Structures are given as C-alpha cells and as structure tokens.
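Following: one structure in structure tokens, then a few remarks.
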Amino acid sequence: MPAPKYPRVASLKTAADFLTRLKELGVVLPFDEQVEAGDASPLGQSLPWSGGVIGNRFCILPMEGWDGETDGRPTELTKRRWRNFGVSGAKLLWGGEAVAVQPEGRANPNQLMINDHTLAGIEELRTIALDAHRERFGTTDDLLLGLQLTHSGRFARPNDKKRIEPRVGYRHPVLDKKFNVTDDAAILSDDELDRLVDDFIAAAKLAHKVGYTFVDVKHCHGYLGHELLSGFDRLGKYGGDFEGRTRFVRRITDGIRAEAPGLAIGVRLSVFDFTPFEPGDENVGRPSADAPYGYAFGGDGTALGIDLTEPKRFLELLKNLGIDLLCSTAGSPYYNPHIQRPAYFPPSDGYLPPEDPLVGVARQIAATAELKAAHPNTVIVGSGYSYLQDWLPNVGQAAVRSGMIDSVGLGRMVLSYPDLPADVLAGQTMQRKKICRTFSDCTTAPRNGIVSGCYPLDPFYKEMPEREELNKIKKETVPT
Ligand SMILES: Cc1cc2nc3c(=O)[nH]c(=O)nc-3n(C[C@H](O)[C@H](O)[C@H](O)COP(=O)(O)O)c2cc1C
Ligand code: SF4
C-alpha cells in the first residue's frame with residue numbers, strides 16, 4: 001500500500017483552495033475570510049476571568065526545551081525561549097513549560113524542577129518574560145502568566161535520557177510493553193500519591209512566592225495526572241470511580257487553597273484520548289489496540305471515538321473547585337501524536353499520518369467547542385492550531401468570534417515565529433518564511449537526546465552544531 005500523501009497546507013494558496021480541501025475531507029472548521037486588526041479584531045478583545053482581565057485572545061502553550069541544567073535550573077536557552085514567549089504579543093502565557101515537582105517525576109534529566117535550590121531561576125524566567133513583554137508592549141497589567149507543574153509518570157526519564165524509569169497509575173496492555181513497565185512495582189502506591197500531592201502543593205506555594213499568578217496542575221498527554229483519570233481498573237482511593245480518579249486533583253486543589261491562598265489554579269487537560277498508534281504498512285500509523293478499549297479518558301470505548309461525558313463532568317468538578325482556567329489538548333505525543341500535534345512530517349519515533357492532519361486539527365477544535373458550549377463560564381484555551389499554518393489566523397479568529405474557544409493557543413508556531421500574535425494583531429501579513437511547516441524537528445531532537453528548538457526555521461537554532469547531528473539522525477530514523 002503506498003503511503004498516503006496529503007496536499008501540503010503551503011500549497012493551498014487561497015482561501016478558496018483551503019475551503020475546497022476542507023470540503024473534500026468532509027471537515028468543518030470555523031473560518032473568517034478577513035482577519036481583522038485593531039479595535040475590530042476578535043483576537044484583540046480582552047478576556048475576563050475570575051482573577052482579572054487578559055489583554056487579548058492569544059495564548060502561548062507550555063513548551064519545554066529539554067535544555068535545563070541537570071539540577072533543574074534554567075539555562076540561557078530556556079531563558080531565550082521565555083523571552084520569546086514574552087515578546088510574542090500573547091497576553092496569556094499558559095505555564096511556560098512543564099516543571100517537575102519532584103526529581104523522580106522528570107521527563108528528562110534536563111527538565112526544570114521547582115524547589116528551594118532552583119527557585120531563583122524559576123523566578124528569573126517569570127521576570128524575563130514580563131520584562132520582554134513590557135519593553136515591547138508597554139504594560140504587563142493585562143498579561144496572565146502561570147507555571148505548569150508536572151509529574152511525568154509513565155514517561156519519566158529522570159536520570160538518563162536513554163533510560164526510562166516509568167512510574168504509572170495502572171498496568172496498561174500496550175503502553176507497558178512500549179515503555180518498559182515489567183511489574184507492579186512501577187505502580188505508584190496510594191502512599192506515594194499522597195506524598196506527591198504534598199509535593200504539588202509545596203511547588204505551588206513556591207511558585208506563588210515568586211509571583212506566578214496561577215499554576216497549571218497538568219492533566220494531559222499521558223503524564224501522571226492524565227493517566228490517573230483513566231485508572232478505571234486501579235484499586236484504592238486514587239482509582240476506580242470518578243471520585244477516585246479525580247481525588248488527585250481535588251486534594252492538590254484543597255492543599256493549594258489552604259497553603260497558598262490567592263494563587264489561582266488552571267488545568268491543562270487531554271479532553272479525549274485514543275488507543276496508542278504504531279507504524280503499520282509503509283510506516284503509516286495504525287491503532288495498536290481494537291475495541292473494546294477501556295483506557296481512554298474522554299473515549300467512547302471503541303479505541304478511536306470520543307465521548308465527552310466524563311470530561312464535561314470533570315469541568316463541572318473544576319468549577320466547583322473554583323477553577324475557571326482550562327487549556328484543552330488531546331491524546332499524547334508519545335503514543336498517538338497525530339491527534340495531539342497534527343503534523344505533515346512525523347518525529348523519529350512516530351509514524352506517517354494516518355489521516356490528513358487537518359482532520360486532527362478539526363477534531364480538537366470540535367471537541368473543545370463542545371466543552372465550551374457545556375461550560376460557557378470556564379475560560380478555555382484551544383490547542384493544535386499550528387498545522388493550519390497560513391490559515392491559522394482565519395480559523396483562530398472565527399473560533400474566538402463564534403465562542404468556540406476563548407483563546408487561541410500557540411505551540412510549535414511560536415518556536416518558528418515568535419511574534420506571530422503581534423503581527424496578526426497589528427494587521428500585518430504573516431511572514432511566510434517563519435511559518436511552522438510541522439517538520440517535527442522540535443520533537444525529533446529531544447527524542448534523540450538533543451535540545452529542542454526550531455532547527456529548520458529559527459536562525460539561532462539553524463546555526464547550532466546540533467543541527468547537523470539532527471539531520472544525520474533524521475536520515476536514519478524518521479519514517480518516510
Ligand atoms: C517542543 C515541544 C515541547 C512541548 N512541551 C510541552 C510541555 O512542556 N507541556 C505541555 O503541556 N505541552 C507541551 N507541548 C505540547 C504543546 O503545548 C502543544 O499542545 C502542541 O504542540 C500542539 O499545539 P501546536 O499545534 O500549536 O503546536 C510541547 C510541544 C512541543 C512541540
Ligand atoms: S521544528 Fe520548527 S517548523 Fe518544525 S515543527 Fe517544530 S516549530 Fe515547526
């Protein structure tokens with residue numbers, strides 16, 4: 001079977017071309033022909049939340065660079081990224097990047113950590129982003145900045161980039177094999193989770209102390225918080241029914257309210273999930289499991305379908321916990337990247353897209369809109385827009401204007417094009433040479449022990465010696 005090839009977005013030169021392609025796919029996306037600037041711009045409107053007002057409708061999604069010091073402090077590369085987040089023009093910086101609350105929970109030995117030793121560095125990141133923003137835009141009064149707190153669970157590699165040391169919520173029939181879980185000792189006990197709850201609370205307290213307005217209690221991408229939500233089979237107080245599976249977030253929230261009053265809380269949530277995928281014929285992705293599949297939070301049991309009944313209930317719970325900040329995402333970059341970060345070119349440990357990536361973008365947008373309709377008072381940020389490339393502003397504006405989301409989250413696009421929000425809001429034409437074409441180098445690099453960055457398009461990373469090393473690795477490993 002020949003590998004499917006889809007038209008590249010860059011080849012859809014006019015709005016009519018783009019809309020025709022959507023029609024061919026049977027995909028519905030919100031779309032405004034005209035992107036507005038100035039006072040008329042839906043993306044320039046302010047956004048009220050329970051703690052104040054956010055200055056516009058662009059959000060920078062959390063993105064780590066695998067480039068911290070091994071003791072968990074930021075490096076110059078980390079600081080450069082946060083500076084770029086600050087100058088982007090977005091008024092919501094959702095979490096910056098994943099920051100581990102304990103050493104064992106790091107996704108790689110260069111992930112940031114938050115503790116007394118690293119706190120000055122974590123504070124500096126905030127200052128850098130705020131200063132950069134103030135310098136360019138005059139004020140930070142309407143800028144909301146949080147810190148994403150994490151435990152990497154099944155994907156922890158705290159000591160050696162090449163050695164996975166998974167700690168899991170439950171045994172999984174596919175992921176255990178793929179990520180080297182060989183016995184029940186990998187399952188975090190209830191006592192260990194109790195201690196981890198305390199670590200999240202202590203981390204939140206530190207973040208509050210150095211000025212972060214909110215912390216994101218991460219529940220996405222297959223990391224621990226997310227995995228616990230699908231722990232239907234897990235015994236004990238952190239598994240089983242909805243109450244058990246959400247005990248983790250409830251206890252962390254209660255603790256933060258008691259120990260860091262005034263600190264706001266957000267949650268980044270994979271709002272649906274599918275079975276893991278693997279390379280099939282001609283390296284095209286295929287599901288690793290069939291129905292019935294009982295491990296997908298927000299799944300319908302078929303392995304490939306969505307049922308938002310529980311995610312809606314989860315948002316209701318968050319509302320009752322006084323949380324009105326939600327960042328929506330989907331799946332996991334480790335086991336089904338095409339639903340999480342739709343891309344034309346796969347990362348080295350991935351597979352060729354089993355669908356036109358526009359389908360993946362539309363799936364996330366539709367699911368997020370369904371949640372927003374059910375919870376109109378929750379501020380909801382959307383993700384997965386980078387694949388839209390030249391048409392990102394048209395779709396983002398229409399999604400905001402029609403109330404499908406409150407804020408357009410930008411991930412990969414700001415690595416290649418850091419000030420896209422500023423350009424769009426100023427009514428400037430997108431700079432084509434900076435548009436992320438989803439080459440996936442920013443994922444392939446860290447999967448092979450190299451710092452992450454936009455090697456193809458960011459002049460700074462283009463010049464780095466790592467680029468040659470990466471190109472060599474790509475030739476040998478990236479599925480074609
Ligand atoms: C290099 C890289 C690092 C990322 N790191 C994080 C992270 O630390 N925390 C997180 O929640 N998501 C992380 N993500 C996921 C992004 O926030 C985002 O959900 C994803 O890239 C899809 O959005 P996009 O289409 O705009 O890129 C990362 C993505 C990339 C490409
Ligand atoms: S490496 Fe650059 S162009 Fe490629 S996906 Fe990442 S941000 Fe986009």
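The values are calculated or read from the model by the stated rules, or taken from the named source; none is laboratory data. Here the structure is a predicted model, which means the values were calculated and not measured. Positions of Cβ are backbone-derived with ideal geometry, glycine not excepted, and every protein chain shown enters the neighbour counts.
Candidates in segment 401-417 are the residues that are farther than 18 Å from residue 341 by Cβ and surrounded by fewer than 23 Cβ atoms within 10 Å (Cβ to Cβ); of these, the one that is nearest to ligand 1 (Cβ to nearest atom) is 404. In segment 392-441, what count of residues is obtained for those that are farther than 23 Å from residue 13 by Cα, outside any helix (DSSP H, G or I) and charged (D, E, K, R)? Of the residues in segment 392-441, 1 are farther than 23 Å from residue 13 by Cα, outside any helix (DSSP H, G or I) and charged (D, E, K, R). Just one of the listed residues (288, 270) is buried (at least 21 other Cβ atoms within 10 Å of the Cβ) and modelled with pLDDT of 95 or more, and it is 270. Which residue is farthest from ligand 1 (Cβ to nearest atom), if the candidates are limited to segment 427-449 and must be among the aliphatic types (A, V, I, L, M) and surrounded by fewer than 21 Cβ atoms within 10 Å (Cβ to Cβ)? In this case the residue turns out to be 430.
Of everything listed in (1) of a type in the set (Gly, Ala, Ser); (2) in contact with a Lys or Arg (Cβ under 7 Å, 6 or more places away or on another chain); (3) away from ligand 2 (no atom under 16 Å from the Cβ), the single unmet condition for residue 416 is (3). Only residues that are more than 18 Å from the chain's Cα centre (by Cα), within 23 Å of residue 172 (Cα to Cα) and either assigned to a strand (DSSP E or B) or free of Cβ contacts under 8 Å to residues at least 60 places away in the same chain (or both) were counted across segment 254-279, and they come to 3. Exactly one condition in (1) without any contact (Cβ under 8 Å) to a residue 40 or more places away in the chain; (2) of a type in the set (S, T, N, Q); (3) touching a Phe, Trp or Tyr at 6+ places or on another chain (Cβ under 6 Å) is not met by residue 108; state its number. With respect to (1) without any contact (Cβ under 8 Å) to a residue 40 or more places away in the chain; (2) of a type in the set (S, T, N, Q); (3) touching a Phe, Trp or Tyr at 6+ places or on another chain (Cβ under 6 Å), residue 108 is out only on (1). Taking first residues from segment 436-447 that are more than 24 Å from residue 392 (Cα to Cα) and charged (D, E, K, R) and partners that are more than 7 Å from ligand 2 (Cβ to nearest atom) and not in a helix (DSSP H, G or I), the Cβ contacts under 7 Å between residues at least 6 apart in sequence or on separate chains come to 447/347; 447/348; 447/349. One residue is enough: does segment 333-347 have a residue meeting the conditions part of a loop (DSSP other than H, G, I, E, B), more than 25 Å from residue 156 (Cα to Cα) and in contact (Cβ under 8 Å) with a residue 40 or more places away in the chain? Checked against the condition, which is being part of a loop (DSSP other than H, G, I, E, B), more than 25 Å from residue 156 (Cα to Cα) and in contact (Cβ under 8 Å) with a residue 40 or more places away in the chain, segment 333-347 yields at least one hit.
Considering 66, 82, the condition of being touching a residue at least 24 places away in the same chain (Cβ under 8 Å), outside any helix (DSSP H, G or I), touching a helix residue (DSSP H, G or I) at 6+ places or on another chain (Cβ under 8 Å) and within 16 Å of ligand 1 (Cβ to nearest atom) is satisfied by 66 alone.
A quick yes/no check of all residues on (1) in contact with a Cys (Cβ under 9 Å, 6 or more places away or on another chain); (2) surrounded by fewer than 24 Cβ atoms within 10 Å (Cβ to Cβ):
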{"residue": "316", "(1), (2)": "no, yes"}
{"residue": "323", "(1), (2)": "no, yes"}
{"residue": "327", "(1), (2)": "yes, no"}
{"residue": "330", "(1), (2)": "yes, no"}
{"residue": "341", "(1), (2)": "no, no"}
{"residue": "355", "(1), (2)": "no, yes"}
{"residue": "363", "(1), (2)": "no, yes"}
{"residue": "377", "(1), (2)": "no, yes"}
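Among the residues that make up segment 156-170, is at least one of them buried (at least 24 other Cβ atoms within 10 Å of the Cβ) and within 16 Å of ligand 1 (Cβ to nearest atom)? Taking every residue of segment 156-170 in turn, at least one turns out to be buried (at least 24 other Cβ atoms within 10 Å of the Cβ) and within 16 Å of ligand 1 (Cβ to nearest atom).
For the condition within 16 Å of ligand 1 (Cβ to nearest atom), of a type in the set (Val, Ile, Thr) and surrounded by 18 or more Cβ atoms within 10 Å (Cβ to Cβ), residue 306 does not qualify.
Among the residues of segment 209-253, those identified as assigned to a helix (DSSP H, G or I) and more than 21 Å from residue 106 (Cα to Cα) are 209, 242, 243, 244, 245, 247, 250, 251, 253.
Residues checked against (1) surrounded by fewer than 16 Cβ atoms within 10 Å (Cβ to Cβ); (2) of a type in the set (A, V, I, L, M, F, W, C):
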position: 154; (1), (2): no, no
position: 177; (1), (2): yes, no
position: 187; (1), (2): no, yes
position: 225; (1), (2): no, no
position: 231; (1), (2): no, no
position: 237; (1), (2): yes, no
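One residue is enough: does segment 99-118 have a residue meeting the conditions more than 16 Å from ligand 2 (Cβ to nearest atom), at pLDDT 95 or above, of a type in the set (A, V, I, L, M, F, W, C) and in a helix (DSSP H, G or I)?
At the first step, the residues of segment 99-118 found to be more than 16 Å from ligand 2 (Cβ to nearest atom) are 99-118.
If we keep only those that are at pLDDT 95 or above too, we end up with 99-118.
Next, from what is left, pick out any that are of a type in the set (A, V, I, L, M, F, W, C): 99-101, 107, 112-114.
If we keep only those that are in a helix (DSSP H, G or I) too, we end up with none.
Checked segment 99-118: no residue is more than 16 Å from ligand 2 (Cβ to nearest atom), at pLDDT 95 or above, of a type in the set (A, V, I, L, M, F, W, C) and in a helix (DSSP H, G or I).
Restricted to segment 442-453, and to residues there that are part of a loop (DSSP other than H, G, I, E, B) and of a type outside the set (Val, Ile, Thr), the residue that is farthest from residue 10 (Cα to Cα) is 449.
On inspection, residue 154 qualifies as touching a strand residue (DSSP E or B) at 6+ places or on another chain (Cβ under 7 Å) and not β-branched (Val, Ile, Thr). If the condition is being closer than 30 Å to residue 38 by Cα and either at pLDDT below 95 or of a type outside the set (A, V, I, L, M) (or both), then segment 431-453 contributes 431, 432, 433, 434, 436, 437, 438.
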